[in-house]
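Asker: Take a look at this one; I'll ask things after.
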Amino acid sequence: MPVFLTNRGWKFEAGGIASGLFTPFAHLQTNRSENAPTVCVGGTPAEIAVTSVDTVWGKGERHVYRVLDGKHRLDYSLTVTETAQGLPAVILDHSYTNLGDQPIWLGKCGFRCAGPALTVKGAPEDWYVGGIMGDDRIHSLTNFDENSRFGHKDFLTLYTNHGLTGLVYAPVGSPTAFLNFSFGGRSGSSLLDMECVSDMSYVRVEPGKTRVCQSMVLCVGPYDERVRSVFLHLADTHGCRRQRPPVGWCSWYHYFSGVTAQNVWDVVKTFSDEKTAFPFEVIQLDDGYQVAPGDWSPNEKFPGGMQGMADLAQAIADRGARPGIWMAPAFVHESTGILREHPHWALRHQDGRPFEMNENWNGISCALDFSNPEAYDFAMNALRSYREAGYTYFKIDFNAIHADGLCSFDDSRTSFEVYRDVYHGYRRVIGEDSYLNACSGFTRTVFGIADGCRIGPDSIDIWEGGCSIGRCLRSVGKKAVVRDDILALDLRVKVITPEEFHTWQSFMGLLGGLTFISDPIDRPEYREDRRQFDILYPPAPEKGVCLHPGVDPWNRRLGFIAKRPWGDFASAMICNIEETTETLDTKFIPFDVLGKEFHVFSFWTGEYLGVRGTDFPVTLKTHETALLRLTPVGDRTRPTLIGSDLHISMGAAEIADVTFTD
């Protein structure tokens, strides 16, 4: 891709986007007192070397620059690598060396453009900016004006043309720090001032020492291809665990914090009696068994203390499932008195206030500073007690380790590095044979350590709002392209009803299939809803992706292509997100590779809709979804399997073979 290097910085033009001039900068402090001033340093880069190199994206040319800031005794090294062959990309590496005789503390380090930072070709309403990690969403550029400020963590995408044209900013290289991308609004077709930052968390740099920041890459091309290539690279540098996610039962979405030991024992008995009906691999106890966060001993609803918990774990294991436990070791509740006894364990703001939350557990809970060895050991011992009691599935929730702007007991590591060190500790305590589910949001910090990761918000039986189905549809679908390259992805759900229920089932079923339920399977009334389980289990081998990636804020079109010896086909959904009945065009463009004409089967209505192309109209009620199978029209002289209503994948999961006889 064309990159233009100057004696002040760099800029580019590619993928229908032109940038302004980006120049290096760094924030530093010379002491860490509450009122210590933050100094922004920069300078004119001087090129000192040009070499040819091999990168993971092809051969390239590496330009090495230095900035010597004599006033602050800082030596800044910048490396810009432009690929000449293979995937069009620019890789940015930067580091800082303390030339003084006193420590310095590095904050935000990266590149900024005073604006316009990025200018797109074509109508701004056809371009969409978004992120991938956490709850980041996709927005049309017209959602912003010159007074808007917005940003994304670790990834930034800017796309048009059904996700075929655009760019990705992403972290690469060794895991060091979070990246933050921020904009200062929009004017016309341009995004205004922009920063690409490695958040070094005011890490301490001793005299004569060098601190390497998080490397980043800018690459252009189709969304699915570029995002996947970045995550495959991260799998190499951060690690990956590709264990298949287990199917199981979790207490939370039915019993919530009111769960009792008897509730779980009843489920265990039913599972034991009806294993064919309930092929669980995990039975997991969630929040509600403990005295309080910080005091992880069982409460009065779980008699028998830790021996009672061990007996429950043994009973689950004896019946062929993993015993699972939920924990939030990063928090301690005020009722435990732990921080009164150990105030130096608290994670704190710069002004000394502890990091608190009061949304859960009827009172104030404070986060632990895991850079403090004592707090770290306290949390590890809590996990160890349940591993010794026989639990081998751990769901770790409420991860406040990475909270922005907080001070650390040990300032020699970035918050990102502390986060990874903690999860490495969890893994050592529970062992390689245990399943570790990071209920942490989708974050690089757990790559290579956790087996599974939460990718969306809690989703309860409302369409819009905080913990809603709509919020989940918007935030989750764009992550599907990276599923199973790094770790398993975990959706948290509670069912809803009529058209919205079908939309949720379609989305969940195509995205990855059912993993956990919370239904009280021991109760007779559950038998009436068994089909809702049967059509989602087992998950299909194929996993759906957004068919218009990077440009569809709601991920309304989701699907996959299934290749089978008896004939390939596609399974897909299209959702009406509007508050009125709408006629929508399917625009299943990626399925053109299968052919021009298709037999179309509708799962929810059970109808054969005739022969269509990949783009045809469907009329849908408010929040309704059409779940469709497209089977290429082939040899008309022999039977053609055009669908199935036994499973939501319509033939990908439940059909093992198809044979024809003359």
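Asker: Can you name the residue in segment 618-634 that is under 18 Å from Phe601 (Cα atoms), open to solvent by 40 Å² or more (accessible area, probe 1.4 Å) and assigned to a loop (DSSP other than H, G, I, E, B) and is also modelled with the lowest pLDDT among such residues? Outline the logic, then answer.
Answerer: Keep residues of segment 618-634 that are under 18 Å from Phe601 (Cα atoms), which gives 618-620, 624-634.
Cutting the leftovers down to open to solvent by 40 Å² or more (accessible area, probe 1.4 Å) gives us 619, 624, 634.
Filter again for assigned to a loop (DSSP other than H, G, I, E, B), leaving 624, 634.
Numbers: Glu624: 96, Gly634: 88.
Once the filter is applied, the top-ranked residue is Gly634.
Asker: Just for segment 91-123: of the residues that are among the small types (Gly, Ala, Ser) and assigned to a loop (DSSP other than H, G, I, E, B), which one is nearest to Asn31 (Cα to Cα)?
Answerer: Start the filter on segment 91-123 by keeping residues that are among the small types (Gly, Ala, Ser), which leaves 95, 100, 107, 110, 114-115, 117, 122-123.
Now restrict to residues that are assigned to a loop (DSSP other than H, G, I, E, B): 100, 114-115, 117, 122-123.
Numbers: Gly100: 13, Ala114: 28, Gly115: 32, Ala117: 33, Gly122: 48, Ala123: 48 Å.
Per the stated criteria, the residue is Gly100.
Asker: Out of all the residues in segment 346-367, is one or more among the aliphatic types (A, V, I, L, M), assigned to a strand (DSSP E or B) and touching a Cys at 6+ places or on another chain (Cβ under 6 Å)? Steps first, answer last, please.
Answerer: Our first condition is that a residue be among the aliphatic types (A, V, I, L, M); within segment 346-367, this holds for 346-347, 357, 364, 367.
Remaining after also requiring assigned to a strand (DSSP E or B): 346, 357, 367.
Still in the running and touching a Cys at 6+ places or on another chain (Cβ under 6 Å): 346.
Yes, some residue in segment 346-367 is among the aliphatic types (A, V, I, L, M), assigned to a strand (DSSP E or B) and touching a Cys at 6+ places or on another chain (Cβ under 6 Å).
Asker: What is the number of the single condition among (1) open to solvent by 10 Å² or more (accessible area, probe 1.4 Å); (2) within 21 Å of Ala346 (Cα to Cα); (3) under 19 Å from the mean Cα position of the chain (by Cα); (4) of a type outside the set (A, V, I, L, M, F, W, C) that Arg413 does not meet?
Answerer: (3)
Asker: Among the candidates Tyr223, Tyr255, single out the residue that is under 29 Å from Asp93 (Cα atoms) and either small (Gly, Ala, Ser) or touching a helix residue (DSSP H, G or I) at 6+ places or on another chain (Cβ under 8 Å) (or both). I'd like the intermediate steps shown before the answer.
Answerer: On the way: Tyr255 fails: under 29 Å from Asp93 (Cα atoms).
Result: Tyr223 is the single residue among Tyr223, Tyr255 that is under 29 Å from Asp93 (Cα atoms) and either small (Gly, Ala, Ser) or touching a helix residue (DSSP H, G or I) at 6+ places or on another chain (Cβ under 8 Å) (or both).
Asker: For segment 256-269, what are the residues that are out of contact with any Phe, Trp or Tyr (no Cβ under 7 Å at 6 or more places or on another chain) and either of a type in the set (A, V, I, L, M) or at pLDDT below 95 (or both)? Spell out the reasoning first.
Answerer: Let us first name the residues in segment 256-269 that are out of contact with any Phe, Trp or Tyr (no Cβ under 7 Å at 6 or more places or on another chain), namely 256-258, 260, 262, 264-266, 268-269.
Once the filter is applied, which keeps residues that are out of contact with any Phe, Trp or Tyr (no Cβ under 7 Å at 6 or more places or on another chain) and either of a type in the set (A, V, I, L, M) or at pLDDT below 95 (or both), segment 256-269 yields Phe256, Val264, Val268.
Asker: Right, another one. For segment 324-354, name all the residues that are under 13 Å from Asn399 (Cα atoms) and either of a type in the set (Lys, Arg) or under 24 Å from the mean Cα position of the chain (by Cα) (or both). Give the derivation first.
Answerer: Narrowing segment 324-354 to residues under 13 Å from Asn399 (Cα atoms): 326-332, 347.
Hits for segment 324-354 are Trp326, Met327, Ala328, Pro329, Ala330, Phe331.
Asker: Consider Phe598 carefully, then state whether it is more than 30 Å from Ser468 (Cβ to Cβ), modelled with pLDDT of 95 or more, buried (at least 22 other Cβ atoms within 10 Å of the Cβ) and within 30 Å of the chain's Cα centre (by Cα).
Answerer: On the way: more than 30 Å from Ser468 (Cβ to Cβ): yes; modelled with pLDDT of 95 or more: yes; buried (at least 22 other Cβ atoms within 10 Å of the Cβ): yes; within 30 Å of the chain's Cα centre (by Cα): no.
Here the answer is no, as Phe598 does not meet what is asked.
Asker: Looking at segment 335-349, which of its residues are more than 13 Å from Ile401 (Cα to Cα) and among the aliphatic types (A, V, I, L, M)?
Answerer: Ile338, Leu339
Asker: Tell me yes or no: at least one residue of segment 311-318 is part of a loop (DSSP other than H, G, I, E, B) and not β-branched (Val, Ile, Thr).
Answerer: First, the residues of segment 311-318 that are part of a loop (DSSP other than H, G, I, E, B): none.
Looking for residues that are part of a loop (DSSP other than H, G, I, E, B) and not β-branched (Val, Ile, Thr), one finds none in segment 311-318, hence no.
Asker: So the check is Cβ under 8 Å with 6+ separation or different chains; which pairs have a first residue in segment 587-607 that's within 13 Å of Thr640 (Cβ to Cβ) and a second one that's open to solvent by 50 Å² or more (accessible area, probe 1.4 Å) and outside any strand (DSSP E or B)?
Answerer: Final answer for the pair search is His599/Thr640.
Asker: State yes or no: is Gly239 surrounded by fewer than 21 Cβ atoms within 10 Å (Cβ to Cβ) and touching a Leu at 6+ places or on another chain (Cβ under 7 Å)? Talk me through it step by step, then tell me what you get.
Answerer: Working: surrounded by fewer than 21 Cβ atoms within 10 Å (Cβ to Cβ): yes; touching a Leu at 6+ places or on another chain (Cβ under 7 Å): no.
Against the criterion (surrounded by fewer than 21 Cβ atoms within 10 Å (Cβ to Cβ) and touching a Leu at 6+ places or on another chain (Cβ under 7 Å)), Gly239 does not qualify.
Asker: Where in segment 38-90 are there strands (runs of 3 or more DSSP E), lying wholly inside it, with at least 1 residues that are open to solvent by 80 Å² or more (accessible area, probe 1.4 Å)? If you could, list the steps in order and put the result at the bottom.
Answerer: On the way: elements: 39-41, 46-55, 58-69, 74-83.
Per the criteria, 46-55, 58-69.
Asker: For the subset of segment 105-118 comprising residues that are farther than 22 Å from Val64 by Cβ and open to solvent by 10 Å² or more (accessible area, probe 1.4 Å), which member is modelled with the lowest pLDDT? Please lay out each step first, then the result.
Answerer: Step one: of segment 105-118, the residues farther than 22 Å from Val64 by Cβ are 105, 107-108, 114-118.
Now drop any that are not open to solvent by 10 Å² or more (accessible area, probe 1.4 Å), which leaves 105, 108, 114-116.
On the way: Trp105: 93, Lys108: 91, Ala114: 87, Gly115: 80, Pro116: 92.
For segment 105-118, the residue satisfying everything is Gly115.
Asker: Continuing with the same structure: Looking at segment 275-321, which of its residues are of a type outside the set (Asp, Glu), open to solvent by 50 Å² or more (accessible area, probe 1.4 Å) and in contact with a helix residue (DSSP H, G or I) (Cβ under 7 Å, 6 or more places away or on another chain)?
Answerer: Of everything in segment 275-321, those that are of a type outside the set (Asp, Glu), open to solvent by 50 Å² or more (accessible area, probe 1.4 Å) and in contact with a helix residue (DSSP H, G or I) (Cβ under 7 Å, 6 or more places away or on another chain) turn out to be Lys301, Pro303, Gly304, Met306, Arg319.
Asker: His342: under 30 Å from Pro103 (Cα atoms), modelled with pLDDT of 95 or more and open to solvent by 50 Å² or more (accessible area, probe 1.4 Å), yes or no? If you could, list the steps in order and put the result at the bottom.
Answerer: Values: under 30 Å from Pro103 (Cα atoms): yes; modelled with pLDDT of 95 or more: yes; open to solvent by 50 Å² or more (accessible area, probe 1.4 Å): no.
Spelling it out, it is not the case that His342 is under 30 Å from Pro103 (Cα atoms), modelled with pLDDT of 95 or more and open to solvent by 50 Å² or more (accessible area, probe 1.4 Å).
Asker: Only one of these conditions is not met by Gly16: (1) at pLDDT below 90; (2) surrounded by 15 or more Cβ atoms within 10 Å (Cβ to Cβ). Which number is it?
Answerer: It is condition (1) that Gly16 fails.
Asker: Given the condition modelled with pLDDT of 85 or more, in contact with a helix residue (DSSP H, G or I) (Cβ under 6 Å, 6 or more places away or on another chain) and charged (D, E, K, R), answer yes or no: does some residue in segment 478-498 qualify?
Answerer: Going through segment 478-498, the residues modelled with pLDDT of 85 or more turn out to be none.
No, segment 478-498 contains no residue that is modelled with pLDDT of 85 or more, in contact with a helix residue (DSSP H, G or I) (Cβ under 6 Å, 6 or more places away or on another chain) and charged (D, E, K, R).
Asker: I'd like to know if segment 124-139 contains one or more residues that are in a strand (DSSP E or B), in contact with a Leu (Cβ under 7 Å, 6 or more places away or on another chain) and open to solvent by less than 20 Å² (accessible area, probe 1.4 Å).
Answerer: yes
Asker: Scan segment 568-585 residue by residue and report those that are in contact with a strand residue (DSSP E or B) (Cβ under 7 Å, 6 or more places away or on another chain), touching a residue at least 60 places away in the same chain (Cβ under 8 Å) and surrounded by fewer than 23 Cβ atoms within 10 Å (Cβ to Cβ).
Answerer: Within segment 568-585, the first condition is being in contact with a strand residue (DSSP E or B) (Cβ under 7 Å, 6 or more places away or on another chain), and the residues that meet it are 568-576, 581-585.
Of the ones still in play, those that are also touching a residue at least 60 places away in the same chain (Cβ under 8 Å) are 568-573, 575.
Once the filter is applied, which keeps residues that are in contact with a strand residue (DSSP E or B) (Cβ under 7 Å, 6 or more places away or on another chain), touching a residue at least 60 places away in the same chain (Cβ under 8 Å) and surrounded by fewer than 23 Cβ atoms within 10 Å (Cβ to Cβ), segment 568-585 yields only Asp568.
Asker: Looking at this structure, is Glu432 open to solvent by 10 Å² or more (accessible area, probe 1.4 Å) and under 25 Å from Met306 (Cβ atoms)? Break it down into steps so the answer makes sense when it comes.
Answerer: Numbers: open to solvent by 10 Å² or more (accessible area, probe 1.4 Å): yes; under 25 Å from Met306 (Cβ atoms): yes.
In short, yes.
Asker: Oh, and also: Given (1) outside any strand (DSSP E or B); (2) of a type in the set (D, E, K, R); (3) buried (at least 23 other Cβ atoms within 10 Å of the Cβ), identify the lone condition not met by Asp224.
Answerer: Asp224 satisfies all of (1) outside any strand (DSSP E or B); (2) of a type in the set (D, E, K, R); (3) buried (at least 23 other Cβ atoms within 10 Å of the Cβ) except (3).
Asker: Turning to a different aspect of this structure: Considering only segment 518-533, how many residues are within 30 Å of Phe569 (Cα to Cα) and open to solvent by 20 Å² or more (accessible area, probe 1.4 Å)?
Answerer: We begin by selecting, within segment 518-533, every residue within 30 Å of Phe569 (Cα to Cα); these are 529-533.
With open to solvent by 20 Å² or more (accessible area, probe 1.4 Å) added as a condition, the list becomes 529-532.
Final tally of qualifying residues: 4.
Asker: Within segment 388-410, identify whether any single residue is out of contact with any Pro (no Cβ under 8 Å at 6 or more places or on another chain), assigned to a helix (DSSP H, G or I) and surrounded by fewer than 24 Cβ atoms within 10 Å (Cβ to Cβ), and answer yes or no.
Answerer: Among the residues of segment 388-410, at least one is out of contact with any Pro (no Cβ under 8 Å at 6 or more places or on another chain), assigned to a helix (DSSP H, G or I) and surrounded by fewer than 24 Cβ atoms within 10 Å (Cβ to Cβ), which makes the answer yes.
Asker: Still on this structure, I have one more. Could you please find all residues in segment 140-160 being open to solvent by 10 Å² or more (accessible area, probe 1.4 Å), polar (S, T, N, Q) and either over 18 Å from Arg471 (Cα atoms) or touching a helix residue (DSSP H, G or I) at 6+ places or on another chain (Cβ under 7 Å) (or both)?
Answerer: Of segment 140-160, the ones open to solvent by 10 Å² or more (accessible area, probe 1.4 Å) are 140, 142-153, 160.
Checking which are polar (S, T, N, Q) leaves us with 140, 142-143, 147-148, 160.
Passing the criteria: Ser140, Thr142, Asn147, Ser148, Thr160.
Asker: Quick check on this structure: which one of Lys121, Lys209 is within 25 Å of Arg73 (Cα to Cα), of a type in the set (Lys, Arg), in contact (Cβ under 8 Å) with a residue 60 or more places away in the chain and open to solvent by 30 Å² or more (accessible area, probe 1.4 Å)? Show your work before the answer.
Answerer: On the way: Lys121 fails: within 25 Å of Arg73 (Cα to Cα).
Lys209 is the lone residue from the list that is within 25 Å of Arg73 (Cα to Cα), of a type in the set (Lys, Arg), in contact (Cβ under 8 Å) with a residue 60 or more places away in the chain and open to solvent by 30 Å² or more (accessible area, probe 1.4 Å).
The values are calculated or read from the model by the stated rules, or taken from the named source; none is laboratory data. These numbers were taken from a predicted model, which means no experiment stands behind them. Neighbour counts run over all protein chains shown; Cβ positions are idealised from the backbone, glycine included. The accessibility values were calculated without ligands, DNA or RNA, using every heavy atom of the protein model including side chains. Shrake-Rupley method; radii C 1.70, N 1.55, O 1.52, S 1.80 Å.
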